[in-house]
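Trainee: Take this structure first; my questions come after.
The values are calculated or read from the model by the stated rules, or taken from the named source; none is laboratory data. Predicted model, so just to flag it, every value in this text is computed and none were measured. Cβ placement follows ideal geometry from the backbone for every residue including glycine, while neighbour counts extend to all protein chains displayed. Quick note on the areas: whole protein, heavy atoms, side chains included, nothing else; ligands and nucleic acids left out. Shrake-Rupley method; radii C 1.70, N 1.55, O 1.52, S 1.80 Å.
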Amino acid sequence: MTTHLNLEEIFAGLDDVEWPHIGFSYAEFPAEKLRTIGSADAEVAREAVGDFWAAMNTRAPRYPATVECIPFLARLCAAGVFVGELLELLHSVAYGLNQPRDDQDALVAAVAAELPLLLPRLDDPDEDNRRWTIGIIALCGRSREAAEAIRGRWTREPDSDLRTEMLNACRHADPEIAAELSVAAIAPQEAPELRLAATLSLVLADALWTPELAAAATAWALPGDDVESAERWFDTSTGDWKETDRDDKFVELLGLLAGRGALAEAAALAQAVLAVDGPGEGFRRRRALSGIDELCGEYRGAPVLLAPLLVPLVADEDAAVAEQVLAVLHRIGPEGRLAADAVLAVADSRDGSDDELADKALGVLLDLGDPRAVPLLARDLPRRRNALEVAIGRSWRGGGSTAPFDPALLDAARDLLRNPDRRNSSAPRHLCSLLASWGAEAAPALPELYSLLDKNPQHAPAAIAAVAAGTDAAAEAAARLTALADAASSYDRMFAADALHKLTGDAAPLVAALGQGLAGVLYELRYAMPRAGQLGAAGEPLLPRLRELLAYDDRGWTTDDRMAAASSMYAIAGDAVADELLPVLSTALDKRSAAATWLVRRIGIPAASLAPQLAPLLGSLRTALAAAGALLALARSGPGKALPDPIGSDGVISHDDLAEVLLTIVEYGGRTKVAIALLRQLGGGTFEPAAVDALRRILANEHRPPPIGYELDRIHNDQDRVAAIGAALAE
């Protein structure tokens, strides 16, 4: 098993690497450190291994030296030097531990190239060494040689957990060999997790779904099996903590079945697992719920099919299960309304035994628009922080509606404002938003809002202006806001003056406050710039400073900051400043600034010379919508006429290609309504037949678009997309 390599063979070519030119944190001289690992002094050698751990797993964008070290580390490992430590190190590098890096593909390829040296470790007597080797195989992609090595070890591996990991790794290395091994591995006498892994491999190989496969897929959930909880981890795709395996094969199997059109079969598997009572039921349910959550996120038809399975679990004795159910209901929206009664029962908690769960349940009830939610919020307002956020439309989901006016809730809000000891630190700003949304109906709360002016000068002014507008209290409110604007710091003064402007229409205090803010520090500048534009022509006194900010260059100042100044200039002066903005816009477009693209769209024809710089921005969903809108703004056409082909200065893009870009945005990007409006504009006020056909295909697609980055509200966004397309086609 140990490769007979001497030190000369292990370090062959070591001195040929140009180490000083490729930088290596924590190991300034990699060649010397590598030789130290082979030292006879065990303590010094172990310290060198530790240095490589620190260097190769540093959170940094790129260490090319890591790739150069991998062959030498693999040879040391193959020769029996620090086998366990080096296998774990190579696994961590291929896995991308503590990264991101921008060279992960190169790292994986470098480790994969050394697999022939590492495969003999599948027969290592140390179980951990075998496990690390299997893990490396799983990360290295297709490899017939690795799959054959697994086949050779298969019948000799005594540990059932390792056999499961071997099969999972083999599925990555060679799915055909994995499927061959899986035929016998689904047998009832095999370990449950191995049977699940085998089922997954067979489904990947397009095997016919049978009762035998269904039994193998759920064997791990048999009654009486006490399943240990997995390590808790944070799922960035949903914003939730999960208590199941990060790479859960049952969840993956449900997704594979749904992906091949067997959503009903996937739902049946989840239902079968949820129905199993007894020891370990909490973990089983959380595992099934993770699968349900993913199916609802991927498939538009899944919530209607799966929501009924959630209802009995809303009040589950396992708080982690109940919390996970509420999170899924929160995400799926209207399809979760059949669980409203069950959610109400949890939200209607009076004893305070589990306030956090009751708070989340009330948030779901509010999000569903259930009329029974507001009275509960009024009754328990001091204890319902999450529900209050949902009530004002600031849940992480982002789609909650502001709670309708309710006298009891108004009384509760006033009481909470009068009693600081009963509220959390975020309550004042949330209550300000709630009261502001009610306008004059919340006028009785003005005394409480006035009391917030000293300690919450950034939130109370806007609420006071919204509540006092059009009432007998407007004059007093204006006087109090004026007093605050005169006495506040330069930053807080802008909030007071902005509220005063909204209440009275007097722009002078706001112009003065913004002028001071535009001369302030970075966070003051970032607040002041967009509000200067909102003044329109009244903001003309601010133009000289905004013009200076176009060329401002200080620490932290970005292209988007420069575009905020340019946008405000145009909002104040219009086409009179268009020519002086073009050079700044051109520079920003070269940096692929979406903000610059939106401003070009607003300027229109005077910015026609920038059209060639817009075309490259059509290739990214981040900038495509703004670029398409800008190009259409630069095109010339009469009312009711389709835009010309080609579009843009010197034929930047064809008519059909731009239509394709817009349809791609509708299918995968955000701001669907804007993209649809541009499609209609492209057709001269109506949809062209090809666009109608494409929109119908998008609407008929069962798959939701893939998430864009950290998109927590994927389901809600897709529901909005579907509604917008349906409304457009119905017109």
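Trainee: Sort through ALA473, ALA499, ALA483, ALA508 and tell me the only one that's over 37 Å from the mean Cα position of the chain (by Cα) and either touching a residue at least 12 places away in the same chain (Cβ under 8 Å) or open to solvent by less than 10 Å² (accessible area, probe 1.4 Å) (or both).
Mentor: Of ALA473, ALA499, ALA483, ALA508, the one residue that is over 37 Å from the mean Cα position of the chain (by Cα) and either touching a residue at least 12 places away in the same chain (Cβ under 8 Å) or open to solvent by less than 10 Å² (accessible area, probe 1.4 Å) (or both) is ALA473.
Trainee: Further question on the same structure: Test of understanding: among ARG622, ARG592, ARG601, ARG562, which residue is in contact with a Gly (Cβ under 7 Å, 6 or more places away or on another chain), of a type in the set (D, E, K, R) and touching a residue at least 12 places away in the same chain (Cβ under 8 Å)?
Mentor: The unique qualifying residue is ARG601.
Trainee: So GLY141 fits all but one of (1) at pLDDT 95 or above; (2) over 14 Å from LEU90 (Cβ atoms); (3) small (Gly, Ala, Ser); (4) touching a His at 6+ places or on another chain (Cβ under 8 Å); what number is the exception?
Mentor: Evaluating GLY141 over (1) at pLDDT 95 or above; (2) over 14 Å from LEU90 (Cβ atoms); (3) small (Gly, Ala, Ser); (4) touching a His at 6+ places or on another chain (Cβ under 8 Å) leaves (1) as the failure.
Trainee: On to the next question. Specify the residue that is surrounded by the fewest Cβ atoms within 10 Å (Cβ to Cβ); the eligible residues are those in region 512-525 that are in a helix (DSSP H, G or I) and aliphatic (A, V, I, L, M).
Mentor: Filtering first and then ranking leaves LEU522.
Trainee: Does ASP105 count as out of contact with any His (no Cβ under 8 Å at 6 or more places or on another chain), surrounded by fewer than 21 Cβ atoms within 10 Å (Cβ to Cβ) and either over 29 Å from ALA219 (Cα atoms) or hydrophobic (A, V, I, L, M, F, W, C) (or both)?
Mentor: yes
Trainee: Is one or more of the residues making up region 374-382 of a type in the set (Asp, Glu), part of a loop (DSSP other than H, G, I, E, B), open to solvent by less than 50 Å² (accessible area, probe 1.4 Å) and closer than 22 Å to CYS432 by Cβ?
Mentor: yes
Trainee: Only residues that are surrounded by fewer than 18 Cβ atoms within 10 Å (Cβ to Cβ) and either within 15 Å of ALA724 (Cβ to Cβ) or aliphatic (A, V, I, L, M) (or both): list them for region 677-697, please.
Mentor: ALA677, ARG680, ALA690, VAL692, ARG696
Trainee: Could you list, in sequence order, all residues of region 132-148 that are open to solvent by 70 Å² or more (accessible area, probe 1.4 Å) and either over 33 Å from the mean Cα position of the chain (by Cα) or more than 13 Å from ARG171 (Cα to Cα) (or both)?
Mentor: TRP132, ARG144, GLU145, GLU148
Trainee: Oh, and also: What number of residues within region 341-354 are closer than 15 Å to ASP316 by Cα and either part of a helix (DSSP H, G or I) or in contact with a Lys or Arg (Cβ under 8 Å, 6 or more places away or on another chain) (or both)?
Mentor: 7
Trainee: Now for a different question. Answer yes if at least one residue in region 164-180 is without any contact (Cβ under 8 Å) to a residue 12 or more places away in the chain and among the polar types (S, T, N, Q), and no otherwise.
Mentor: Checked region 164-180: no residue is without any contact (Cβ under 8 Å) to a residue 12 or more places away in the chain and among the polar types (S, T, N, Q).
Trainee: Let me ask something else about it. Would you check if ARG547 is open to solvent by 70 Å² or more (accessible area, probe 1.4 Å), at pLDDT 95 or above, more than 20 Å from ALA659 (Cα to Cα) and out of contact with any His (no Cβ under 8 Å at 6 or more places or on another chain)?
Mentor: So ARG547 fits the description; yes.
Trainee: For ILE647, state whether it is crowded, with 22+ Cβ neighbours inside 10 Å, under 29 Å from TYR523 (Cβ atoms) and at pLDDT below 95.
Mentor: For ILE647, the condition - crowded, with 22+ Cβ neighbours inside 10 Å, under 29 Å from TYR523 (Cβ atoms) and at pLDDT below 95 - is not met.
Trainee: What are the pairs with Cβ atoms under 7 angstrom where one residue, in region 39-50, is open to solvent by less than 50 Å² (accessible area, probe 1.4 Å) and the other, located anywhere, is charged (D, E, K, R) and at pLDDT 85 or above? Sequence gap at least six, or different chains.
Mentor: As it stands, the answer is VAL49/GLU85, since those pairs meet every condition given.
Trainee: I'm trying to understand the selection: among the residues of region 82-100, which are outside any helix (DSSP H, G or I) and either at pLDDT 90 or above or open to solvent by less than 10 Å² (accessible area, probe 1.4 Å) (or both)?
Mentor: Once the filter is applied, which keeps residues that are outside any helix (DSSP H, G or I) and either at pLDDT 90 or above or open to solvent by less than 10 Å² (accessible area, probe 1.4 Å) (or both), region 82-100 yields only PHE82.
Trainee: Would you tally the residues in region 565-604 being over 21 Å from LEU518 (Cβ atoms), over 34 Å from the mean Cα position of the chain (by Cα) and crowded, with 24+ Cβ neighbours inside 10 Å?
Mentor: Number satisfying all stated conditions: 0.
Trainee: All but one of (1) open to solvent by less than 40 Å² (accessible area, probe 1.4 Å); (2) modelled with pLDDT of 90 or more hold for LEU631, so report the exception by its number.
Mentor: For LEU631, the exception is condition (2).
Trainee: Sticking with this structure for a sec: Among the listed residues GLY255, GLY282, identify the single one that is closer than 23 Å to THR210 by Cα and touching a helix residue (DSSP H, G or I) at 6+ places or on another chain (Cβ under 9 Å).
Mentor: None of the other options fit; the residue is GLY255.
Trainee: Mind listing just one residue for me: the one in region 420-442 that is open to solvent by 30 Å² or more (accessible area, probe 1.4 Å) and farther than 20 Å from PRO375 by Cα and, of those, modelled with the highest pLDDT?
Mentor: Filtering region 420-442 for residues that are open to solvent by 30 Å² or more (accessible area, probe 1.4 Å) and farther than 20 Å from PRO375 by Cα, the one modelled with the highest pLDDT comes out as ALA440.
Trainee: Keeping to region 496-552, report how many residues are of a type in the set (D, E, K, R) and within 24 Å of ASN456 (Cβ to Cβ).
Mentor: The qualifying residues number 6.
Trainee: Mind listing whichever residues of region 282-322 are without any contact (Cβ under 8 Å) to a residue 40 or more places away in the chain and either open to solvent by 30 Å² or more (accessible area, probe 1.4 Å) or charged (D, E, K, R) (or both)?
Mentor: ARG285, VAL304, PRO308, VAL311, PRO312, ALA315, ASP316, GLU317, ASP318, ALA319
Trainee: Out of everything in region 108-138 that is in contact with a His (Cβ under 9 Å, 6 or more places away or on another chain) and hydrophobic (A, V, I, L, M, F, W, C), what residue ends up being farthest from PHE72 (Cα to Cα)?
Mentor: Among those residues, the one meeting the criterion is ALA138.
Trainee: Starting from region 528-549, keep only residues that are without any contact (Cβ under 8 Å) to a residue 12 or more places away in the chain, then list their pairs with residues that are open to solvent by 20 Å² or more (accessible area, probe 1.4 Å) whose Cβ atoms are within a distance under 8 Å, requiring at least 6 positions of separation or different chains.
Mentor: none
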